[in-house]
1. Take segment A:352-376 and flag every residue that is of a type in the set (Gly, Ala, Ser) and not in a loop (DSSP other than H, G, I, E, B).
2. Scanning for something more than 20 Å from residue A:308 (Cβ to Cβ), modelled with pLDDT of 95 or more and surrounded by fewer than 21 Cβ atoms within 10 Å (Cβ to Cβ), does segment A:445-458 turn up at least one residue?
3. Based on this model, can you work out whether residue A:351 counts as surrounded by fewer than 24 Cβ atoms within 10 Å (Cβ to Cβ), in contact with a Pro (Cβ under 9 Å, 6 or more places away or on another chain), at pLDDT 95 or above and closer than 14 Å to residue A:378 by Cβ?
4. Among the listed residues B:387, B:379, B:434, B:403, identify the single one that is under 34 Å from the mean Cα position of the chain (by Cα), of a type outside the set (A, V, I, L, M) and outside any helix (DSSP H, G or I).
5. Would you check if residue B:314 is crowded, with 22+ Cβ neighbours inside 10 Å and within 14 Å of chain A (Cβ to nearest Cβ)?
6. Would you confirm, using the coordinates I've provided, whether residue A:349 is under 26 Å from residue A:468 (Cα atoms) and assigned to a loop (DSSP other than H, G, I, E, B)?
7. Which residues, counting only those in segment B:43-60, are more than 10 Å from chain A (Cβ to nearest Cβ) and either among the polar types (S, T, N, Q) or crowded, with 16+ Cβ neighbours inside 10 Å (or both)?
8. For segment A:86-103, give me each residue that is within 12 Å of chain B (Cβ to nearest Cβ) and closer than 30 Å to residue B:461 by Cβ.
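The values are calculated or read from the model by the stated rules, or taken from the named source; none is laboratory data. Since the structure is predicted, the reported quantities are computational estimates derived from the model, not experimental observations. Cβ atoms come from the backbone with ideal geometry, glycine included; neighbour counts cover every protein chain shown.
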Number of protein chains: 2
Amino acid sequence: MATACSVAAEALSRHGSVVDGRRRAVIEHVTPQIDGGRYPIKRVVGDVVVVEADAFADGHGDFACCLLFRKADDATWIDVPMAPLGNDRWRAVFEVNELGCYRYTIQAWADHFATWQHDLRKKVEADQNVTVELQTGAVLLAEMSQRATGEAAMTLKAWSARLAAALTTTSGRPDPNPRPEAEGVSDTLPEGTGLTPHSCALPVPKHENARPPASGGVQGGPSPEPFNALVALALSDELAEVASQFPDRHLATTYDRELAVIVDRERARYSTWYELFPRSTAREPGRHGTLQDCEERLPYVAAMGFDVLYLPPIHPIGQAFRKGRNNATDAAPGDPGSPWGIGAAEGGHFAIHPELGTLDDFRHLVSRAHDFGLEVALDLAFQCSPDHPWVTEHPEWFVWRPDGTIQYAENPPKKYQDIYPLNFESAQWRQLWDGLMEVVLFWIEQGVRIFRVDNPHTKPFQFWEWLIGEIKSDYPDVIFLAEAFTRPKLMSSLAKGGFSQSYTYFTWRNTKTEIAEYFTELTQGELKEYFRPNLWPNTPDILSEYLQFGGRPAFIARLVLAATLGASYGIYGPAFELAENQPVSSGREEYLDSEKYQIRHWPLDRADSLQALIARVNRIRRENPALQRDDGLHFHQVDNDQIIAYSKSTPDRRNVILTVVNVDPDYTQSGWGEFSFDALGLDPHQLYQVHDLLTDARYLWHGPKNHVEINPRVVPAHIFRVRRRIRTERDFDYYS
Amino acid sequence: MATACSVAAEALSRHGSVVDGRRRAVIEHVTPQIDGGRYPIKRVVGDVVVVEADAFADGHGDFACCLLFRKADDATWIDVPMAPLGNDRWRAVFEVNELGCYRYTIQAWADHFATWQHDLRKKVEADQNVTVELQTGAVLLAEMSQRATGEAAMTLKAWSARLAAALTTTSGRPDPNPRPEAEGVSDTLPEGTGLTPHSCALPVPKHENARPPASGGVQGGPSPEPFNALVALALSDELAEVASQFPDRHLATTYDRELAVIVDRERARYSTWYELFPRSTAREPGRHGTLQDCEERLPYVAAMGFDVLYLPPIHPIGQAFRKGRNNATDAAPGDPGSPWGIGAAEGGHFAIHPELGTLDDFRHLVSRAHDFGLEVALDLAFQCSPDHPWVTEHPEWFVWRPDGTIQYAENPPKKYQDIYPLNFESAQWRQLWDGLMEVVLFWIEQGVRIFRVDNPHTKPFQFWEWLIGEIKSDYPDVIFLAEAFTRPKLMSSLAKGGFSQSYTYFTWRNTKTEIAEYFTELTQGELKEYFRPNLWPNTPDILSEYLQFGGRPAFIARLVLAATLGASYGIYGPAFELAENQPVSSGREEYLDSEKYQIRHWPLDRADSLQALIARVNRIRRENPALQRDDGLHFHQVDNDQIIAYSKSTPDRRNVILTVVNVDPDYTQSGWGEFSFDALGLDPHQLYQVHDLLTDARYLWHGPKNHVEINPRVVPAHIFRVRRRIRTERDFDYYS
């Protein structure tokens, strides 16, 4: 016989050894599910997972379906009955309360007990003889009593015996004079009938020889009772309730995949990042900043309401081919080089650049940051300068050219001779992987729990899946942010493979249509299960054209958009709050005098700093849970393309924020908005209040259509808290 | 260390033993694919399978992707290079030319050779020194020569040697005076450099110690030649062409699933069914028809253009609880009973009802039918009358009740005491499965290759998957039609599990919106990969209300809809062609005096028979390949809800049929249609002809808007062949 056509059919063709052909349920289209269960979905502690599945069996009987879930390391599953949604779709939810990995799957089965009760009811209603049906029930309950324990087992046994007594009535209809010689069922089953009860012809040992009760030969049954009492018992909710606790699942079908959820701490979903170069934190100009200087900067950063302080690489910087100011090919004497040119005589990824300080200084910074409610995030840039110790310690980790030199980074015809990429195709790839994991573990030991990963898309996807999987199985609180500005499918794949957060295209999405389309895709489609956006208006690599030309209104608009569209966002400061907007040359998005290549001294106290506004925006985020999550985003219509309006809400609609932004940095724009009451959680017939949390202005609105007008020179955005107006009979109006 | 969170991550965490971490390609979202590869897609011989996948690798290098396919029983895969569609999506096609099962999957890899050539070109264009790059090319070509055979291997070796000679030029730029002492590469690789070529640091034995060529110590190289000749060689299309034949796939990623295609003969897609009761085929009224009578009916059926003659069960009919005329609970003496009440003293599923004839008669019928271009399809109704031999031979195949009786079929409070369902939860399920397979094999031995399966949704899904899989692996030409009128997901699941064709909801889809929605779902969504609709305007079980009340126009309209919407359709005759439309009672869809319970004598020659019209419609189907497939269906707009217009076309648009039906059986309806030129394969600026194949009328149309008017009392439909008008300079207009 030739091979069967599908994997499943092949399994079935070996049915003698592998498959129990009596499993009748089919389970399909389980959601959420990424790529057929290949990758886990993501949640944070306290979230619920709503699981749905198509499930059904052949025939017309009743059917039951349950969700199974467990912490990945627990041996036992927890059951949750699923509720039917119609059209053979079922739903149940479970809550994830601990960090780490959960698994879930589905089990479904033809429910013989429910079918029996259901059919019995119809027959009784049609006044049919149900004697045999009660006997069948007695068998079902007797079997059930063997699955039950304690009191329930006793109860079921007793009920079984009562139903079995129905055998002695002849009509199967209410009999006012039950015969005194009626006999019940007992554990000792009668021999010789050769009958196989249809619900339990099972190979489960304790049931193996189960036979239905029959008349004769059985002792010790209960006293006879009226037939209609037995029918009432059989149809009772009490019996159904007890039965539902001991379903017969020995022929249940289990979904062929175990799906996984990775559960992070809340900061994986909601975080507010501030990036700075420690070497630029010296109080006085001209001095190389240190980690101690950086520590002094903590109150400033904390006062703006950030909770993550992200530092570019803090390792020794190579001398060979070191880049000069503004990315000059040759560094001038004293040029500090790029922090991403990692590795020098003083060490590599395990070391701290001597001019920044010591490992003790770093641990102190981490600890002080913690006092200010800040976590220090480090940069994982897995590449080396030609001076990195690994070049001599592990030459096999690099690509060697036929001329005996190591291959430097290039994007022909551009050459980056200050950078040696690691060779992930090395025969020594295992040692390389382990070596890189040691780096992560080293910094975890120093107290770091958040890593921003530099260019992860230039290293193999399965390396990240392995690394993040290994780290998080021991340190489930670690967060990885993927800095991959690359093609969409690569970005999604990194997120699927384990990155907790991802940089996005936000920086280049400026028009209303672009923003609405992109954030709808991120928050409504499959991406929402695993891709957590982290929005950056600027980075040391990106000074967008919009910021270059839009002046202060552009900075505020982009800040508000990032902070309200994304539960996680970040800025690179102090360049951002000081609205630094000079590019290195026209048409480029590189900063002039970029901190990547030189030390800057920033006038933090400048009167026009956005410091206070940023603090306000971040306080709004902290006080409004709707802004701490990415679901519940809804774009509202405005009849002016320069005005974007969207709301975010908590699932219960108790917190609703409506943000309205004028993306034209030059002119006042106005228009009529048409707001969805459903998204805003409002009663369409009542007044409601919108309270601008940026300016404290309050407006009373009514109906879906309202006018907005925004002068960018004042504030280019509203962040409205939407408040329902609630009436009581004996009170003034007040606002919820 | 705790368990990793996904199955894949778990595999990776055991990377030492299982996974090669150097595989850099990712392959996702392969289509077509049913439920993550759980079920095969379906095609017929000669079809193509268009396969697409997302595929990419980390980094910026070139990338290659190929489709692999094979007959399931072949050991070796056939490669088809995939073409990029943009956004990291790739496509390739393969043709399925044999019956049976094919498998396909995807392989992808970082293409080091293409990357090298690509980068080299950019460097040459930027006038950079490329000496080392040519050396790297020499290594790549030397390795490639080991993968190649014969002449190609020699050529590659020679090219490698020429490029290796570039080492002796110092500038790396065109050198008009190449040094005569230049030396090339040979199979004897130099020792001592310790270099690892980046593209092939591989553990493949023959490459294990491969080292790049270096200067010195190598004998027998080619003569030195100008540097620009070497560059020209390196960048040549010829070299790229040869290289593309020997890609380095040792680090290729293979998609983690093998997907399957079940390939049927064309009749699985395109078939025209006629159902009749053999016992009603006697020439003279009152006599029980025989298989010989049925044979005499063959010319009549064939003349109408059918190719499948489907017979309800032909087995002995039980006596116990036999149903009388019009489903009476008690049969009168002489009532023949329902053919679905299978099994009597004379035998069960292996026997022929004695009044119909013998097994020889049956084989003769099959053979004669063949002469008329007809295949005989049998009914597989896996259920038994109480008189079936299995009841005594295999009592364990039935459900026994506590009172020692066998459970009859019921839908409480209804009882079907003439039918014993089989117990698929029997402990003897394996024997039952085998027993049922024997039935199928027995009739296959009698020449049957098409089975219509009665109520498959009341038997376990995995039983069908097993049965059909086993049968088709030995008899890939067998076709199974699922008669499951049940909930949508059960119907799809049966089709996924192997049924070649499926009954549909067509019978109850009467309005324009219902029809357009339903057939769009069937032909445009995922269903198109595995669900082949077979449309029946009537069956012995279903006389729809539309037919009851619409008279002859309703019969014609439903015939035309079925025959042009479905590549497969069927009618139950002669009830259909004689427009039998009396229900057993008002509000029911059962026929009065149904042939299920009694013998009928049909006046085939009645003047108003639809026989000729059916013949015409079936000839139109035979002559127009667009109607022999279900893809290419497009609904066109008509501004009258009683008029439905849709076209079907072959993929090349050479055959296009536009059907327009007035579904109002009572009144003339007219309206303006707006026809899609794209769907019709027309040039919007030219006249075109629509030729009504039902009436032979021809109309010249121009532009998308055209008027249609249909009087249902004449013919309620047009079946237009759409003909492009083609001009030549020296000819009259004519029609393609």
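1. Hits for segment A:352-376 are A:367, A:369.
2. There is at least one residue in segment A:445-458 that is more than 20 Å from residue A:308 (Cβ to Cβ), modelled with pLDDT of 95 or more and surrounded by fewer than 21 Cβ atoms within 10 Å (Cβ to Cβ).
3. Yes; evaluated as a whole, the condition is true for this residue.
4. B:379
5. No, not satisfied.
6. In short, yes.
7. Matches in segment B:43-60: B:43, B:44, B:45, B:47, B:49, B:51, B:52, B:53.
8. Result: A:86, A:87, A:88, A:89, A:90, A:102, A:103.
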